[in-house]
Amino acid sequence: MKTKVIVLWVICIVLLVGIAPTRIAMDRAATPDYEEVQVTVVSSETTQVVNKKTGSKTDFYDVKVSYNGQVYDLINVHNSYSYIEGRQTTALLSGDKLYANVEGIETSTPMAKAYFVCLIGGFVMLIVAASAQSKYSQQKKAAKAAEANNQ
């Protein structure tokens, strides 16, 4: 158990230390090549999900656009009311994907993904390592108490 706790803390520290360098590298990385293109909005939907425990609502936007005879999901859309069916809008073509804005392109780079893995993973591992440390300490105290009772 002690080895497991040490390994969890090492992983946690590595991930937390990795946050700053990956963020700096993400900011310094050149924005991937993209091209502004005119697309036609095929459909625009908002799906609202309600958290049963807290009652808070979250909106998910699904916008489909047509470009060169193919239908694409528009990535990184912040609302659906700006995208009216049948209307032309500007999108950013990068690779084989269409994005609503440059931020969508920047956050889909490998360095951005590494940053988010370090950020989310670091804090998750902090909680996991602290929980494991607490459990290990409780087991150690219980073992000492049991040993003291046996003597």
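Structure notes:
- Selection from Val10, Thr58, Ala132 lying farthest towards where the dipole of the chain points positive, charges on Cβ: Ala132
- Using alpha-carbon coordinates, inclination of helix 2-28 to the longest axis of the chain, degrees: 30 degrees
- The charge dipole of the chain, taken about the Cα centre with unit charges on the Cβ atoms of Lys, Arg (+1) and Asp, Glu (-1), comes to about 1380 debye, rounded to the nearest 20.
- For Cα extents along the principal axes in Å, calculated from these coordinates, the label among [x] 57, 39, 26; [y] 57, 41, 30; [z] 83, 40, 20: [z]
- Net charge contributed by nearby residues that have their C-beta within less than 14 Å of Ala114 (K/R +1, D/E -1): +1
- Two-decimal Rg/Rh across region 1-72, once Rg and the Kirkwood Rh are taken from alpha-carbon atoms: 1.23
- Where region 1-45 is the region considered: accessible area per residue in Å², 1.4 Å probe: 68 Å²
- For the chain, carbon and sulfur atoms together expose 56% of the accessible surface, with a 1.4 angstrom probe and every protein chain in place.
- Nearest-0.05 FRET efficiency for Ile24 and His78, computed from C-beta distance (R0 35 Å): 0.85
- Gap separating the Cα centres of region 1-70 and region 93-114, nearest whole Å: 10 Å
- Per residue, the accessible area of region 50-127 comes to 65 Å², computed with a 1.4 Å probe over protein heavy atoms only.
- Label-to-label distance for Ile120 and Ser134 is 2.3 nm, based on points extended 7 Å past Cα in the beta-carbon direction.
- Between the Cα long axis of helix 110-150 and the first principal axis of the chain there is an angle of about 20°, rounded to the nearest 10.
- Among the listed pairs Lys113/Lys135; Lys4/Lys140; Lys52/Lys113, a Cα-Cα separation exceeding 22 Å is found for Lys113/Lys135; Lys52/Lys113.
The values are calculated or read from the model by the stated rules, or taken from the named source; none is laboratory data. This is a predicted model, so every value here is computed, not measured. Virtual Cβ from ideal backbone geometry, glycine too; neighbours counted across all protein chains shown. Protein only, heavy atoms only, side chains kept; ligands, DNA and RNA dropped before computing areas. Shrake-Rupley method; radii C 1.70, N 1.55, O 1.52, S 1.80 Å.
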